[in-house]
Amino acid sequence: MEKKTGSNSRIIPLGDRVLLRPFSEEAIRRAQGKKPMTDFVLPESMTKEKSAQGKVLAVGEGKIVDGKLVPVRIRIGDTVLFSKYGYDEVEQNGEELYLLKEDNVLAVIKNG
């Protein structure tokens, strides 16, 4: 299911959802051939499909567990590796972004 928003809308994730900008396949390939964006490199077989890496643009407030709010552990600006099958495509200002639950983020990629 694809969700769309108006051209001047701002997407604010709810609950434990994360909004991210996926890295394009081309950007990942360029990074592998030149200076890597991260120390983690996806196998070529995975780069032929949709990217499974991206940069976090917004996060929700968290989810309620046993009556208490558990905040999202991922932060705006993090580079993450996520499940290729666990996101919804959304559009904001003509740009394709992904909206997914925190559970579908597999790892935060740290440089250095």
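Each of Glu26 and Val108 was given a label point 7 Å from its Cα along the Cα-to-Cβ line. The distance between the two points is 3.1 nm.
Neighbour counts of C-beta atoms inside 10 Å place Val18, Val65, Val108 in the sequence Val65, Val108, Val18, starting with the fewest. Among Lys55, Lys110, the ranking by other beta carbons within 10 Å of each residue's beta carbon, starting with the fewest, stands as Lys110, Lys55.
Values quoted throughout were computed directly from the atomic coordinates according to the rules given, and no laboratory measurement underlies them. Given the structure is predicted, the values throughout are model-derived calculations rather than measurements. Please note: Cβ atoms are built from the backbone with ideal geometry, for glycine as well, and neighbour counts cover all protein chains shown.
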